[in-house]
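Q: Got a structure here, written out as structure tokens. Questions coming.
The values are calculated or read from the model by the stated rules, or taken from the named source; none is laboratory data. In this text the structure is predicted, and so the values were computed from the model without any measurement. Neighbour counts are summed over all protein chains in view; Cβ atoms, including those assigned to glycine, are modelled from backbone coordinates with ideal geometry.
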Amino acid sequence: MKKICVIGSMNMDLVVTIDRFPRPGETITGKEFATYPGGKGGNQAVALGRLGANVLMVGKLGDDVFGERYIQNLIDNGVSVDGVSIEKGISSGIAVIEVDDAGENNIVIVAGANGRVDRAFIDKNWHLMEERDIFLFQLEIPFDTVFYAVERLKKAGKVIILDPAPARGLPDELLFNVDYITPNETEIEVITGLKIESVEGLYRACDWLIGKGVKNVIAKVGRNGAYLASHDGFVHVAGFSVKAVDTTAAGDSFNAGFAFALAQGKDIIECIQFANAVGAISTTAKGAQSAMPSLEQVEAFVAEQAKDNRK
């Protein structure tokens, strides 16, 4: 199996459940409080570790209790932390999340140590990264660092997977170096500036990205699965019907599933089918990293789905 590296963010999510949101200047009593490891980079690394991948995490945490806890969580889930650094004098990345009775939320994100992942840090960890084959990126660390790392890794012949979230415009020079980009419908609208109201609109947006040099566009469409666009055509890969409990980090689970299958040498359609399964399973339980499945769970799920389809 090929070796994988995730370069990206790690946050600790601080979640408070409340009856309603407070008005400006108002103090109210919350119902519950919990902390959960999060951040798109850390989520993808943990999902890969749970599947049994050989995965390295590259990123920064702060010199606080959250950083210590996060590193242990990565280790417990089979992720190599040789590329994780503790940044002195700054907090770990955090997300303060309020969730009301209607399920609506307010989120405040503090980048913390994630904002210190710079070019020098990539250079420092290059000896670890050059031993890896497949690289996953997101956009929660400084964009300059993503651009630099992608360009350098592509010159070294590595495979690049980009999850373009949070969505933003992307320069042609970056898109040209991406082998697989995995936006959802909202993200692809932001990137391309094209409104998507139909499959035909999605096709046009994907074709725009292919025209910019992206090798493969994998457009995630929730429970409907994903569409693959490349120079070979435009194909729908059906998703799985499940009773969703919490869709948090479903996209991160999808990306991890795709990278895992790619590392095993599966063809791209098989990779997307596997990714759809991993993403679907992750929505059937609460939490982000805690809901991510093992390889055994995915295989059992796929087998059960195939059995049901034969009935």
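Q: Is it the case, given these coordinates, that Ser294 is in contact with a helix residue (DSSP H, G or I) (Cβ under 7 Å, 6 or more places away or on another chain), more than 14 Å from Ile161 (Cβ to Cβ), touching a residue at least 60 places away in the same chain (Cβ under 8 Å) and loosely packed, with under 15 Cβ neighbours inside 10 Å?
A: Working: in contact with a helix residue (DSSP H, G or I) (Cβ under 7 Å, 6 or more places away or on another chain): yes; more than 14 Å from Ile161 (Cβ to Cβ): yes; touching a residue at least 60 places away in the same chain (Cβ under 8 Å): yes; loosely packed, with under 15 Cβ neighbours inside 10 Å: yes.
Yes; evaluated as a whole, the condition is true for this residue.
Q: Scan the stretch 224-243 and report the pairs whose first residue is closer than 16 Å to Val278 by Cβ and without any contact (Cβ under 8 Å) to a residue 60 or more places away in the chain and whose second residue is among the charged types (D, E, K, R) and surrounded by 17 or more Cβ atoms within 10 Å (Cβ to Cβ), with Cβ atoms within less than 6 Å and a gap of 6+ or a chain change.
A: Listed by first residue and then by second, the contacts come to Ala226/Lys220.
Q: Taking into account only those residues within the stretch 192-222 that are part of a strand (DSSP E or B) and among the hydrophobic types (A, V, I, L, M, F, W, C), which is farthest from the chain's Cα centre (by Cα)?
A: Filtering the stretch 192-222 for residues that are part of a strand (DSSP E or B) and among the hydrophobic types (A, V, I, L, M, F, W, C), the one farthest from the chain's Cα centre (by Cα) comes out as Val217.
Q: Have a look at Glu130, Glu185, Glu151 and point out the one that is over 17 Å from the mean Cα position of the chain (by Cα) and over 23 Å from Gly49 (Cα atoms).
A: Working: Glu130 fails: over 23 Å from Gly49 (Cα atoms); Glu185 fails: over 17 Å from the mean Cα position of the chain (by Cα).
Going through Glu130, Glu185, Glu151 in turn, just one is over 17 Å from the mean Cα position of the chain (by Cα) and over 23 Å from Gly49 (Cα atoms): Glu151.
Q: Checking Asp64 against (1) touching a Ser or Thr at 6+ places or on another chain (Cβ under 6 Å); (2) in contact (Cβ under 8 Å) with a residue 60 or more places away in the chain, which test does it fail?
A: Condition not satisfied by Asp64: (2).
Q: Might you check whether a residue that is of a type in the set (D, E, K, R), modelled with pLDDT of 90 or more and in contact with a helix residue (DSSP H, G or I) (Cβ under 6 Å, 6 or more places away or on another chain) occurs anywhere in the stretch 80-103? Give the steps one after another, and end with the answer.
A: Taking the stretch 80-103 and keeping what is of a type in the set (D, E, K, R), we get 82, 87-88, 98, 100-101.
Okay, now just the ones that are also modelled with pLDDT of 90 or more, so 82, 87-88.
Then drop every residue that is not in contact with a helix residue (DSSP H, G or I) (Cβ under 6 Å, 6 or more places away or on another chain), which leaves 82, 87.
Checked the stretch 80-103: at least one residue is of a type in the set (D, E, K, R), modelled with pLDDT of 90 or more and in contact with a helix residue (DSSP H, G or I) (Cβ under 6 Å, 6 or more places away or on another chain).
Q: Answer yes if at least one residue in the stretch 175-190 is under 27 Å from Glu87 (Cβ atoms) and either hydrophobic (A, V, I, L, M, F, W, C) or crowded, with 17+ Cβ neighbours inside 10 Å (or both), and no otherwise. Don't jump to the end; show me each part of the working.
A: Of the stretch 175-190, the ones under 27 Å from Glu87 (Cβ atoms) are none.
Checking the stretch 175-190: not a single residue is under 27 Å from Glu87 (Cβ atoms) and either hydrophobic (A, V, I, L, M, F, W, C) or crowded, with 17+ Cβ neighbours inside 10 Å (or both).
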